[in-house]
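Student: Right, I'll just put the structure down here and ask away after.
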Amino acid sequence: MDESTLFTKIIRGEIPSSKVAEGSDWYAFLDINPHRPGHTLVVPKEQAQRISELSVESRRSLLDGVVEVQRRLSIEFGTTDFSVNLNDGPLAGQEVPHVHFHIIPRIPEGTSRPIWTQTKESSEPDFAMLADLAERLQAH
Ligand code: AMP
């Protein structure tokens, strides 16, 4: 892939993101249009569209990134349960052509934290809320 993807630009800091955590081979940040509170994306720093195109090192450390993000989200949301999803190619629903795991903490329905103000219906991302949450997650 010649052109930099949106996520490569985020990793390089050319586009802002709400950073959650970072490893030598991966980067994690809050999804700008979260399905649920805490929805985080974990991406390899190596640019590739599908997991089969990643180097063995990137592939392995990506899962370390997933678990590290889960650890932080566990503390923040008081849960050990997560939806972990990866759309591996456009026919699978992948919109950004750069490998990424969606990590979504799962808590009992109706117990969303009061801090959470953004809803699926919101047209604009709540950047202040995302920044605030990212700061807390970085500290965990
Ligand atoms: P997918 O449909 O699996 O390719 O998921 C792409 C995800 O990237 C979606 O959940 C988007 O909300 C998210 N997304 C797109 N642009 C940004 C951005 N600038 N910052 C954070 N997340 C983004």
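Student: Quick test of your reading of the structure: Pro90 fulfils all but one of (1) within 16 Å of the chain's Cα centre (by Cα); (2) near the ligand (Cβ under 10 Å from one of its atoms). Name the failing condition by number.
Tutor: Against the list (1) within 16 Å of the chain's Cα centre (by Cα); (2) near the ligand (Cβ under 10 Å from one of its atoms), Pro90 comes up short only on (1).
Student: Within the set of pairs 6 or more residues apart or between chains, which connect a residue that is under 26 Å from Glu109 (Cβ atoms) and open to solvent by 40 Å² or more (accessible area, probe 1.4 Å) inside the stretch 9-36 to a residue that is part of a helix (DSSP H, G or I) and among the aromatic types (Phe, Trp, Tyr) with Cβ atoms less than 9 Å apart?
Tutor: Ile32/Phe127
Student: Taking the stretch 1-43 on its own, how many of its residues are within 14 Å of the ligand (Cβ to nearest atom) and outside any loop (DSSP other than H, G, I, E, B)?
Tutor: Residues in the stretch 1-43 being within 14 Å of the ligand (Cβ to nearest atom) and outside any loop (DSSP other than H, G, I, E, B): 17 in total.
Student: With respect to the numbered conditions (1) surrounded by fewer than 21 Cβ atoms within 10 Å (Cβ to Cβ); (2) assigned to a loop (DSSP other than H, G, I, E, B), which one is the sole condition not fulfilled by Asp64?
Tutor: It is condition (2) that Asp64 fails.
This table checks each residue for (1) within 21 Å of His140 (Cβ to Cβ); (2) touching a helix residue (DSSP H, G or I) at 6+ places or on another chain (Cβ under 7 Å).
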residue: Ser18; (1), (2): yes, yes
residue: Gly23; (1), (2): yes, yes
residue: Asn33; (1), (2): no, no
residue: Leu41; (1), (2): yes, no
residue: Ser61; (1), (2): yes, no
residue: Val66; (1), (2): yes, no
residue: Thr80; (1), (2): yes, yes
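Student: How many of the residues in the stretch 46-61 are surrounded by fewer than 19 Cβ atoms within 10 Å (Cβ to Cβ) and within 16 Å of the ligand (Cβ to nearest atom)?
Tutor: Residues that pass the stated criteria total 5.
Student: Which one of the conditions (1) at pLDDT 95 or above; (2) hydrophobic (A, V, I, L, M, F, W, C); (3) within 30 Å of Glu3 (Cβ to Cβ) does Phe77 fail to meet, given that it meets all the rest?
Tutor: All conditions are met except number (3).
The values are calculated or read from the model by the stated rules, or taken from the named source; none is laboratory data. All values reported here derive from a predicted model rather than from experimental measurement. Every residue, glycine as well, gets a Cβ built from its backbone with ideal geometry; the counts of neighbours run over all protein chains shown. Ligands, DNA and RNA are stripped out before the accessible areas are found, and what is left, the full protein with its side chains, is counted by its heavy atoms. Shrake-Rupley method; radii C 1.70, N 1.55, O 1.52, S 1.80 Å.
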